[in-house]
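Below is one structure, written out as structure tokens; the observations come after it.
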Amino acid sequence: MREASRCRTVTDTDSCAFLFCPPILYANEGRTEALTGYMKKSASENSSLYERLWGCFFAIAIAGLIVVTYSLSETKELPMTIIGAVLGVAMTVFATFFLFKGQSKQQVAMINEELNQQKEVEIFKERLKAYNSFLDALRRYVTQPSPDGKKVVIFHTMAIRMHSNAEVSDLLDDNIVKLIKSTGSRTELKELVEALNAIACIFGNELYDKTMGRTKSVDAFVDAISGAQEEQPEEEKLIELAVEEKEDEAATNKATIIEWNDKLKSLKTQGWNYTPEDDAFILTSNSSPVKISVYRKKGKYIVEATKEGDSEFSQSLKDNFKGSRRYGTWWRELPINNYGVTEGTLLAQLPSNDKARASVIKWIDKLTGFQSVENINI
């Protein structure tokens, strides 16, 4: 019964905390608590020992003085002299006793303060480590999304909860959800910057206990890093889509569209590498840093060409094929939604849907041909 009373039931919270708590933190906290207990016990024992020693010394001194007083009582002035000496000694003894007692308490207080500071430093280091690990895991997931990367983000997010209250956890969750929902190779930079800035401010507030609100330069940073975007007007988009539909209809009626696998083989011989993705594909050139993509965005399929760091490339494409641009990236909408290509079916439809295949191949030929001309001019 005594042993059972000392024990307590291990709860789910304990196991969860053990799962996410870094072992170093538990070890440091264990050593700190053990040292604190030892110092408190030692100080308490020393204080009791001092009290007993001074009490014995004081009793012996008084007894000795009384014996001397009685033995020399024939002298009239001696008792008064001894009584004065006794009072002086007693005052000295008591003053010394209280002085040492006060010093002992002060020493214990200083030791406790030092141990608390060491504990706070260790906790700060672990929090900083947890925050940096979380941001690194989030970076890897945003730049290269994968199921395993998503699980790593989950674990690091749960680890941060050890260092946060419910309100802070809710703020983090809101921004993490916002970031993950828009994550992909074509994540909107504005959403990325806004969410990461909010997370960084939360971490700064928690670590340094300072209000780190949204800086005025965030908008300027977003504009600079995303580039001056030139969007095609909606009316112009509708007109061009109607023209494209007529062209695709004529192409399918005029001749047989090349098979999709045969087209991929032809592209490979021309130095283009094909990479299928989730409802998308990417073509990369062996001879230049150009990437051509077809993917779905905001309910519509987009054809995109990118040459990193070369804004003139996207400007040339816009001048030749209209569409929209931002720095080294050019894109425009495809009409294949109107050809029965629904979300998640692009790769499955290209081998069998002649009109959709004709539309996609038409833009692949335009962009790869334009890139070949660019290389010749260079």
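The values are calculated or read from the model by the stated rules, or taken from the named source; none is laboratory data. It should be emphasised that the depicted structure is a prediction, and the values quoted were computed from it without experimental measurement. Virtual Cβ from ideal backbone geometry, glycine too; neighbours counted across all protein chains shown. These area figures cover heavy atoms from the full protein model, side chains too; ligands, DNA and RNA do not enter into them. Shrake-Rupley method; radii C 1.70, N 1.55, O 1.52, S 1.80 Å.
Structure above, values below:
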{"quantity": "Any pair with Cβ under 8 angstrom, 6 or more apart, that starts in region 188-209 at a residue that is among the polar types (S, T, N, Q) and ends at one that is open to solvent by less than 30 Å² (accessible area, probe 1.4 Å) and modelled with pLDDT under 80", "calculated": "Asn197/Val218"}
{"quantity": "Test: residue in region 211-219 that is at pLDDT below 85, surrounded by 11 or more Cβ atoms within 10 Å (Cβ to Cβ) and in a helix (DSSP H, G or I)", "calculated": "yes"}
{"quantity": "Contacts under 8 angstrom Cβ, first residue in region 271-283 being of a type in the set (Gly, Ala, Ser), partner assigned to a strand (DSSP E or B), 6 or more apart", "calculated": "Gly271/Ser285; Ala280/Ser293; Ala280/Val294; Ala280/Tyr295; Ala280/Arg296"}
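Condition check ((1) open to solvent by 80 Å² or more (accessible area, probe 1.4 Å); (2) farther than 17 Å from Lys366 by Cα; (3) out of contact with any Gly (no Cβ under 6 Å at 6 or more places or on another chain)) across all residues:
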{"site": "Glu244", "(1), (2), (3)": "no, no, yes"}
{"site": "Glu249", "(1), (2), (3)": "no, yes, yes"}
{"site": "Thr256", "(1), (2), (3)": "yes, yes, yes"}
{"site": "Lys268", "(1), (2), (3)": "yes, no, yes"}
{"site": "Asp278", "(1), (2), (3)": "yes, yes, yes"}
{"site": "Ser288", "(1), (2), (3)": "no, no, yes"}
{"site": "Ala305", "(1), (2), (3)": "no, no, yes"}
{"site": "Glu312", "(1), (2), (3)": "yes, yes, yes"}
{"site": "Ser316", "(1), (2), (3)": "no, no, yes"}
